[in-house]
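This report refers to the structure that appears directly beneath it.
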Amino acid sequence: MNTIILQKPGELILAETAAPAAPGPGEALVRVHRVGVCGTDYHAFAGKQPYFSYPRILGHELGVEVLELGPIDATGNPQHVKPGDKCSVEPYVNCGQCIACRRGKPNCCMQMRVIGVHTDGGMREKFLVPVRKLHPANALSYEQIALVETLSIGAHAVDRAGVQADDTVLVIGAGPIGLSVIQFAAAKARTLVMDVSSTRLAFCREKLGIRDTIEVSTGATGSPPVGNDQAAAAVLGLTRNENATVVIDATGNPKSMYAALGYLAHGGRLVYVGLFPGEFSLSDPEFHKRETTLMGSRNSLPADFTRIIRMIEAKQIDTSPWITHRAPVARLVETFPTWTAPGSGVLKAIIEF
């Protein structure tokens, strides 16, 4: 079967691999129809993704069809899907036993194995997944289903931030994860967006209804410069000199993550969604004088998948503007590097199997 393998940073190959075995207890054999390409995949291609080893089959934003179910597992839980169902895959395979899982936070399980990151993912025709990680979505197209996981990341981050109607939210980074944050933040409170790309900011204004956007200049490495005085002044100007009560950084860029605290109001909440393989620092006096609430947001919860599927079904979320690029699996090896190029205009790319 056709399989895309990331052999090492910068080297994707299209290989013929053996079909998977029959599903065992608690497993489902699924046919992959669509795969969304995420920042995680781009970072892995560039050799900058934490928790990662090579070679690896990427792909965790998936629209799949159930082909076959294995026996009911030892828990005896009834199977909630059947052959022929269209499903979103919740790619966070948690242990169910550690302190995080026991306390209702399977998204940050101590033994987390993310499909397409820690284990091989869905850039292949068929593979086995735990039945418990399938979320049926028969009323949606496979492309819509492939966006559910991305949207769930944003929904969870906004929930973590505890956004209320009287907040002013600043989202830094308008890539796919930032857009998913914006989708849910803007439904609750006034939302500002900061990015280095005029194209992405135009998308936020035209497609997501964001009135206030801030374009920051790029430094020599293509990153927002630390302590960008004009950006800080712009945030103050849009917030009556008070700054944002919630700042959510979706860049995974250490310079941006450092600068984010400077845009936060006193008493505010700072949430990091993006991550990178390294360390960064914060100004302790600035952190303390604000009595800052600092949070990380990792993955999402099962309920987020269910909620988002229902919202797309109810046309409360329109996924169609998000998809800007597509490629069939047969052309992915030569196409994928073009999506990583500056100026490519990619918001969300989809692979067709």
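Which residues, counting only those in the range 69-91, are among the charged types (D, E, K, R) and either free of Cβ contacts under 8 Å to residues at least 60 places away in the same chain or out of contact with any Phe, Trp or Tyr (no Cβ under 8 Å at 6 or more places or on another chain) (or both)?
D73, K82, D85, K86
Is it fair to say G162 is on the phi > 0 side of the Ramachandran plot, at pLDDT 95 or above and either surrounded by fewer than 24 Cβ atoms within 10 Å (Cβ to Cβ) or of a type in the set (F, W, Y) (or both)?
yes
Kindly evaluate V131 against the criterion of being in the same structural domain as A46 (by TED's automatic domain parsing) and closer than 25 Å to L6 by Cα.
It is false that V131 is in the same structural domain as A46 (by TED's automatic domain parsing) and closer than 25 Å to L6 by Cα.
Restricting the first residue to the range 325-342 and requiring it to be in contact (Cβ under 8 Å) with a residue 40 or more places away in the chain, which pairs with a second residue that is part of a loop (DSSP other than H, G, I, E, B) and surrounded by 13 or more Cβ atoms within 10 Å (Cβ to Cβ) meet a Cβ separation below 7 Å and a spacing of at least six or different chains?
From residues that are in contact (Cβ under 8 Å) with a residue 40 or more places away in the chain, the pairs are V329/F353; W339/V346.
Looking only at the range 109-154, filter to residues that are within 21 Å of Q49 (Cβ to Cβ) and polar (S, T, N, Q); which one of those is surrounded by the most Cβ atoms within 10 Å (Cβ to Cβ)?
This residue is S152.
Keeping to the range 298-353, report how many residues are hydroxyl-bearing (S, T, Y) and part of a helix (DSSP H, G or I).
Residues in the range 298-353 being hydroxyl-bearing (S, T, Y) and part of a helix (DSSP H, G or I): 4 in total.
Quick check: is even one residue across the range 151-163 over 14 Å from H33 (Cα atoms), in a helix (DSSP H, G or I) and polar (S, T, N, Q)?
Scanning the range 151-163 turns up at least one residue that is over 14 Å from H33 (Cα atoms), in a helix (DSSP H, G or I) and polar (S, T, N, Q).
Looking for something assigned by TED's automatic domain parsing to the domain that holds R331 and under 14 Å from G63 (Cβ atoms) - is there at least one such residue anywhere in the range 97-113?
No, the range 97-113 contains no residue that is assigned by TED's automatic domain parsing to the domain that holds R331 and under 14 Å from G63 (Cβ atoms).
Check G59, G24, G36 and return the single one that is surrounded by fewer than 18 Cβ atoms within 10 Å (Cβ to Cβ), under 22 Å from P136 (Cβ atoms) and among the small types (G, A, S).
Answer to the selection: G24.
Here's the yes/no breakdown for (1) at pLDDT 95 or above; (2) within 22 Å of the chain's Cα centre (by Cα); (3) surrounded by fewer than 20 Cβ atoms within 10 Å (Cβ to Cβ); (4) assigned to a strand (DSSP E or B):
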site: V64; (1), (2), (3), (4): yes, yes, no, yes
site: D73; (1), (2), (3), (4): no, no, yes, no
site: P78; (1), (2), (3), (4): no, no, yes, no
site: V81; (1), (2), (3), (4): yes, no, yes, no
site: C87; (1), (2), (3), (4): yes, yes, no, yes
site: G96; (1), (2), (3), (4): yes, no, yes, no
site: A100; (1), (2), (3), (4): yes, yes, yes, no
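Identify the single condition in (1) over 28 Å from T17 (Cα atoms); (2) out of contact with any Lys or Arg (no Cβ under 9 Å at 6 or more places or on another chain); (3) without any contact (Cβ under 8 Å) to a residue 60 or more places away in the chain that N138 does not satisfy, given that it satisfies every other one.
(2) is the only condition that N138 fails.
Return yes or no: is G178 modelled with pLDDT of 95 or more, outside the structural domain of H60 (by TED's automatic domain parsing) and part of a strand (DSSP E or B)?
no
Could you go through the range 33-52 and let me know if any residue there is farther than 30 Å from N253 by Cα, in a loop (DSSP other than H, G, I, E, B) and not aromatic (F, W, Y).
Taking every residue of the range 33-52 in turn, none turns out to be farther than 30 Å from N253 by Cα, in a loop (DSSP other than H, G, I, E, B) and not aromatic (F, W, Y).
Determine if the range 209-222 includes at least one residue that is closer than 14 Å to I248 by Cα, surrounded by fewer than 24 Cβ atoms within 10 Å (Cβ to Cβ) and not acidic (D, E).
No, because not a single residue in the range 209-222 is closer than 14 Å to I248 by Cα, surrounded by fewer than 24 Cβ atoms within 10 Å (Cβ to Cβ) and not acidic (D, E).
For the list (1) crowded, with 24+ Cβ neighbours inside 10 Å; (2) part of a helix (DSSP H, G or I), I need the number of the one condition that L192 fails.
(2)
Looking only at the range 282-290, decide whether some residue is in contact with a strand residue (DSSP E or B) (Cβ under 6 Å, 6 or more places away or on another chain), over 18 Å from G36 (Cβ atoms) and either buried (at least 20 other Cβ atoms within 10 Å of the Cβ) or at pLDDT 95 or above (or both).
Looking through the range 282-290, at least one residue is in contact with a strand residue (DSSP E or B) (Cβ under 6 Å, 6 or more places away or on another chain), over 18 Å from G36 (Cβ atoms) and either buried (at least 20 other Cβ atoms within 10 Å of the Cβ) or at pLDDT 95 or above (or both).
Just to check your reading of the model, which residue among L270, L294, L261 is crowded, with 22+ Cβ neighbours inside 10 Å and either of a type in the set (A, V, I, L, M) or assigned to a helix (DSSP H, G or I) (or both)?
On inspection, the qualifying residue turns out to be L270.
Per-residue answers, yes or no, for (1) in contact with a Phe, Trp or Tyr (Cβ under 6 Å, 6 or more places away or on another chain); (2) free of Cβ contacts under 8 Å to residues at least 24 places away in the same chain; (3) within 23 Å of L151 (Cα to Cα); (4) not aromatic (F, W, Y):
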| position | (1), (2), (3), (4) |
| --- | --- |
| F45 | no, no, yes, no |
| L67 | no, no, no, yes |
| V93 | no, no, yes, yes |
| A100 | no, yes, yes, yes |
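The values are calculated or read from the model by the stated rules, or taken from the named source; none is laboratory data. Predicted model, so just to flag it, every value in this text is computed and none were measured. When we count neighbours, we look across all protein chains shown, and the Cβ atoms used for this are built from the backbone with ideal geometry, even at glycine.
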